[in-house]
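Notes to accompany the following structure.
The values are calculated or read from the model by the stated rules, or taken from the named source; none is laboratory data. Computed from a predicted structure; not experimentally measured. Backbone-built Cβ (ideal geometry, glycine too); neighbour counts: all protein chains shown.
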Amino acid sequence: MAIVLKRPEQIRLMREAGKIVAEVLATLAETVRPGITTAELDRIAERIIRRHGAVPSFKGYRGFPASICVSVNEEVVHGIPGSRMLAEGDIVGIDVGARYRGYHGDATITVPVGRVSPEAEKLLRVCREALEIGIAQAHAGRRLTDISHAIQQHVEAHGFSVIRNLYGHGIGRSLHEEPMLPHYGPPGQGPLLRPGMVITIEPMIAAGRPETRVLPDRWTVVTADGSLSAQFEHTVAITENGPEILTLP
């Protein structure tokens, strides 16, 4: 499948979708607390998305049953919201997608629940920094894996590992488009970054080893060794003037 370059009007619509995603994430970051269920976070998210005339990107996607993904502690991605109550010391990844007038925005944050361990604090900080470092590489004329390499170098320099079998991706009218973006590997490979490309950059990292497994629900991906995992993600447009983050308030 070819990479689809977006016109300015299409990027404008994706920016609107991204603002909705950013509002949901900001609200949920303030809402997370010990005792709240992951299902309640899902209900709040869907209410905000639909209030803006958008629809949740994830609900029904390949059979996914909820509006957002909520992944706790060793859960890397695709956690299904339900009756689980968050507890003091947890870290919780919240992945939100919204489709607005036919175009998607997609972003993720990982937040602490109350006071967390020093290891968890460091994991969140390094993952957030890795996203920022990856975005800084997203300039027209560079290669896709320049992003990948910069992320891996930063994560591993701090003693953490990059999850290998989950990727960022192109995004637009479809939630997942080409190209697929690994968050590790040598620089200078993959497609040339061009104005009009829109991708998600979403490092997923682990405090332990990078291997994962899928739970019996067939969605939730966890670290194989049970170590903590974190993810941060933005939808990013490649422009002539550098990367533009589309999932900002």
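Give just the number: which of (1) in contact with a strand residue (DSSP E or B) (Cβ under 6 Å, 6 or more places away or on another chain); (2) in contact (Cβ under 8 Å) with a residue 24 or more places away in the chain does ARG142 not satisfy?
(1)
Confirm whether GLY196 is small (Gly, Ala, Ser), at pLDDT 95 or above and closer than 22 Å to SER229 by Cβ.
No: the conditions fail for GLY196.
Mind counting the residues in the range 175-203 that are closer than 21 Å to TYR61 by Cα and touching a residue at least 24 places away in the same chain (Cβ under 8 Å)?
The total comes to 10.
For the range 193-228: of the residues being in contact with an Asp or Glu (Cβ under 6 Å, 6 or more places away or on another chain) and outside any loop (DSSP other than H, G, I, E, B), which is surrounded by the fewest Cβ atoms within 10 Å (Cβ to Cβ)?
Once the filter is applied, the top-ranked residue is VAL222.
Give the residue, chosen from LEU144, LEU131, LEU124, that is in contact with a Gly (Cβ under 6 Å, 6 or more places away or on another chain), within 29 Å of MET14 (Cα to Cα) and modelled with pLDDT of 95 or more.
Values: LEU131 fails: in contact with a Gly (Cβ under 6 Å, 6 or more places away or on another chain); LEU124 fails: in contact with a Gly (Cβ under 6 Å, 6 or more places away or on another chain).
The unique qualifying residue is LEU144.
Of all residues being surrounded by fewer than 16 Cβ atoms within 10 Å (Cβ to Cβ) and touching a residue at least 24 places away in the same chain (Cβ under 8 Å) in the range 99-121, which is nearest to ARG173 (Cα to Cα)? Just the residue, please. Break it down stepwise before answering.
At the first step, the residues of the range 99-121 found to be surrounded by fewer than 16 Cβ atoms within 10 Å (Cβ to Cβ) are 101-102, 114-115, 117-119, 121.
Retained after the next criterion (residues that are touching a residue at least 24 places away in the same chain (Cβ under 8 Å)): 101-102, 114-115, 117, 119.
Details: ARG101: 9, GLY102: 6, GLY114: 37, ARG115: 39, SER117: 40, GLU119: 38 Å.
Step by step, filter the range 99-121, then rank; the result is GLY102.
Which of the following residues is in contact with a His (Cβ under 9 Å, 6 or more places away or on another chain), under 19 Å from VAL222 (Cα atoms) and of a type in the set (Asp, Glu): ASP90, ASP95?
Residue meeting the stated conditions: ASP95.
Has the range 4-14 got any residue that is within 15 Å of ILE94 (Cα to Cα), crowded, with 16+ Cβ neighbours inside 10 Å and not small (Gly, Ala, Ser)?
no
Write out, first by first residue and then by second, each pair whose Cβ atoms fall under 6 Å of each other, whose residues are 6+ apart or on separate chains, and whose first residue, in the range 214-233, is closer than 17 Å to LYS122 by Cα while the second is surrounded by fewer than 24 Cβ atoms within 10 Å (Cβ to Cβ) and basic (Lys, Arg).
PHE232/ARG128
Can you tell me which of ALA66, ALA26, ALA2, ALA98 is part of a helix (DSSP H, G or I) and among the small types (Gly, Ala, Ser)?
ALA26
Residues VAL96, VAL92, VAL21, VAL77: which one is surrounded by fewer than 22 Cβ atoms within 10 Å (Cβ to Cβ) and within 18 Å of PHE232 (Cα to Cα)?
Details: VAL96 fails: surrounded by fewer than 22 Cβ atoms within 10 Å (Cβ to Cβ); VAL92 fails: surrounded by fewer than 22 Cβ atoms within 10 Å (Cβ to Cβ); VAL21 fails: surrounded by fewer than 22 Cβ atoms within 10 Å (Cβ to Cβ).
Matching residue, one of VAL96, VAL92, VAL21, VAL77: VAL77.
Only one residue in GLY141, GLY172, GLY79 is out of contact with any Asp or Glu (no Cβ under 7 Å at 6 or more places or on another chain), part of a loop (DSSP other than H, G, I, E, B) and more than 26 Å from TYR61 (Cβ to Cβ). Which one?
GLY141
Restricting to the range 139-196, count the residues that are of a type in the set (Asp, Glu), more than 17 Å from the chain's Cα centre (by Cα) and farther than 20 Å from VAL76 by Cα.
1
Being among the acidic types (Asp, Glu) and out of contact with any Pro (no Cβ under 6 Å at 6 or more places or on another chain) is the filter here; which residues of the range 74-116 pass it?
The answer is GLU74, GLU75, ASP90, ASP95, ASP106.
In the range 40-60, what residues are touching a strand residue (DSSP E or B) at 6+ places or on another chain (Cβ under 6 Å) and in a loop (DSSP other than H, G, I, E, B)?
Passing the criteria: ALA54, SER57, PHE58.
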